[in-house]
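These notes concern the structure reproduced below.
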Ligand code: ADP
Ligand code: ADP
């Protein structure tokens, strides 16, 4: 099965705005895929629907073969999402934020603890584990969102504008982290409005504009057309 499959997906918001006008996308397992487009193109709406946070208007989306609306729990179990904005409890401790997430997906306490420690060490947050999240720097908060997204061992990781507003050093280390993760078998899908980021990292790119997929092809092919 594909990691992600989207068919005829449309979204009309409550105010009547048509953010997605019937898009199709297939991302194979193991891919490193970019959804590239200008602000307002429909990237976050697409990812919101795929991660069961936004209700679609019509069409379908599935993760690892599980329909995101009819089989939301199974779809979410295979999916990690790193949103654009920090959306955790500012007073909760770093360790608790990550370990709690593992609990939602039926890991045992021991599995959750092992996975949490491993990720917090990998992402250089272990020393901060007892701090409330509001004490972290911007870069640490980003890394915390990644740890939380990965703690249940999802097959697919989605990142919404992962390096927007991030300094060069952190951008480099996040790129390296994503590349390692992809090498170890995790499918990665990110949104970006930087062609350079898509070009550096991704094997395949879909360009979205005004709620339509304009192009979808390998990075190499796309570059040869520019
Ligand atoms: P839905 O159709 O998914 O229920 P709504 O149209 O009710 O979405 O809007 C959900 C929230 O998003 C509301 O709080 C609304 O104020 C906010 N919102 C409205 N327009 C925009 C916009 N252009 N960009 C981002 N958020 C918006
Ligand atoms: P992108 O992530 O590519 O910047 P979005 O998916 O956030 O684009 O938004 C696509 C379009 O839908 C934009 O024009 C945005 O203003 C509009 N939009 C987003 N959320 C809402 C909402 N809740 N209500 C109405 N319009 C929205």
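The values are calculated or read from the model by the stated rules, or taken from the named source; none is laboratory data. If you're wondering where the values come from, they're calculated on a predicted model, not measured in any experiment. Note that we place each Cβ from the backbone using ideal geometry, even for glycine, and neighbour counts take in every protein chain shown.
Values as computed for the structure displayed
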{"quantity": "Residue list for region 56-86, restricted to those being within 29 Å of residue 133 (Cα to Cα) and either more than 18 Å from the chain's Cα centre (by Cα) or without any contact (Cβ under 8 Å) to a residue 12 or more places away in the chain (or both)", "calculated": "73, 74, 85"}
{"quantity": "Looking only at region 50-99, and only at residues there that are part of a strand (DSSP E or B), touching a helix residue (DSSP H, G or I) at 6+ places or on another chain (Cβ under 6 Å) and within 16 Å of ligand 2 (Cβ to nearest atom), the one that is nearest to residue 3 (Cα to Cα)", "calculated": "61"}
{"quantity": "Conditions (1) crowded, with 19+ Cβ neighbours inside 10 Å; (2) part of a loop (DSSP other than H, G, I, E, B); (3) modelled with pLDDT under 95; number of the one not met by residue 142", "calculated": "(2)"}
{"quantity": "Exclusive hit being surrounded by 15 or more Cβ atoms within 10 Å (Cβ to Cβ), closer than 25 Å to residue 200 by Cα and within 11 Å of ligand 1 (Cβ to nearest atom), set 45, 26", "calculated": "45"}
{"quantity": "Test result for residue 39, surrounded by fewer than 21 Cβ atoms within 10 Å (Cβ to Cβ) and in a strand (DSSP E or B)", "calculated": "no"}
{"quantity": "Residue in region 155-165 that is closer than 24 Å to residue 225 by Cβ, surrounded by 15 or more Cβ atoms within 10 Å (Cβ to Cβ) and modelled with pLDDT of 95 or more present", "calculated": "no"}
{"quantity": "Residue satisfying all of: in region 53-71; within 16 Å of ligand 1 (Cβ to nearest atom) and surrounded by fewer than 19 Cβ atoms within 10 Å (Cβ to Cβ); modelled with the lowest pLDDT among these", "calculated": "53"}
{"quantity": "Residues of region 5-27 that turn out to be more than 8 Å from ligand 2 (Cβ to nearest atom) and out of contact with any strand residue (DSSP E or B) (no Cβ under 7 Å at 6 or more places or on another chain), as a count", "calculated": "1"}
